[in-house]
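Beneath this line is the structure, given in structure tokens, with notes to follow.
The values are calculated or read from the model by the stated rules, or taken from the named source; none is laboratory data. Worth saying up front: this structure is predicted, and the values here are computed from it rather than measured. Here the Cβ positions follow ideal geometry from the backbone for every residue, glycine too, while neighbour counts run over all protein chains shown.
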Amino acid sequence: MHAEVTPHTLNEIAADNDAAVQWVREAGFPLQQGRIAEYRRVIFTLAAGRWGDLSDPIHRDRVCTALIAARC
């Protein structure tokens with residue numbers, strides 16, 4: 001099975017993530033604010049060009065998790 005990933009800029013991912021969170025809120029679904037806020041912070045930091053220390057496994061996991069969650 002092949003998968004295709006549509007390329008997006010980090011700014012597009014950040015904007016899409018905010019729009020999705022807003023849509024979910026308006027639909028009345030509960031959100032885990034801590035997790036969503038952490039993803040948003042990571043995504044906007046990346047969009048600003050600050051990747052941080054990707055050799056730090058904890059930071060690297062946060063970045064990967066935030067990007068995967070935003071793309072799903």
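Need the failing condition index for Gly34 against (1) in a helix (DSSP H, G or I); (2) surrounded by 10 or more Cβ atoms within 10 Å (Cβ to Cβ), just the number.
Result: Gly34 passes all but (2).
Inside the stretch 21-62, can you point out the residues that are within 19 Å of Thr6 (Cα to Cα) and more than 8 Å from the chain's Cα centre (by Cα)?
Correct list: Leu46, Ala47.
Please indicate, with yes or no, whether at least one residue in the stretch 14-24 is acidic (Asp, Glu), surrounded by fewer than 12 Cβ atoms within 10 Å (Cβ to Cβ) and out of contact with any helix residue (DSSP H, G or I) (no Cβ under 6 Å at 6 or more places or on another chain).
no
Out of curiosity, is Phe29 of a type in the set (Phe, Trp, Tyr) and exposed (fewer than 10 other Cβ atoms within 10 Å of the Cβ)?
yes
If I filter the stretch 51-63 for residues that are closer than 14 Å to Glu12 by Cα and not basic (Lys, Arg), do I get at least one hit?
Within the stretch 51-63 (the criterion being closer than 14 Å to Glu12 by Cα and not basic (Lys, Arg)), the answer is no, since none of the residues qualifies.
If I go through the stretch 27-72 residue by residue, how many of them are at pLDDT below 90 and either of a type in the set (S, T, N, Q) or touching a Ser or Thr at 6+ places or on another chain (Cβ under 7 Å) (or both)?
Going through the stretch 27-72 one residue at a time, the tally reaches 2.
When residues of the stretch 37-58 are filtered for being hydrophobic (A, V, I, L, M, F, W, C) and either in a loop (DSSP other than H, G, I, E, B) or touching a strand residue (DSSP E or B) at 6+ places or on another chain (Cβ under 8 Å) (or both), how many remain?
Qualifying residue count for the region: 3.
Against the conditions (1) at pLDDT 85 or above; (2) loosely packed, with under 14 Cβ neighbours inside 10 Å; (3) of a type in the set (Asp, Glu), where does Glu4 fall short? Just the number, please.
With (1) at pLDDT 85 or above; (2) loosely packed, with under 14 Cβ neighbours inside 10 Å; (3) of a type in the set (Asp, Glu) applied to Glu4, the lone miss is (1).
State whether the residues of the stretch 3-24 include one that is in a loop (DSSP other than H, G, I, E, B), farther than 15 Å from Arg71 by Cα and of a type in the set (A, V, I, L, M).
no
Consider the stretch 38-72. How many of its residues are small (Gly, Ala, Ser) and touching a Leu at 6+ places or on another chain (Cβ under 7 Å)?
Counting residues in the stretch 38-72 that are small (Gly, Ala, Ser) and touching a Leu at 6+ places or on another chain (Cβ under 7 Å) gives 1.
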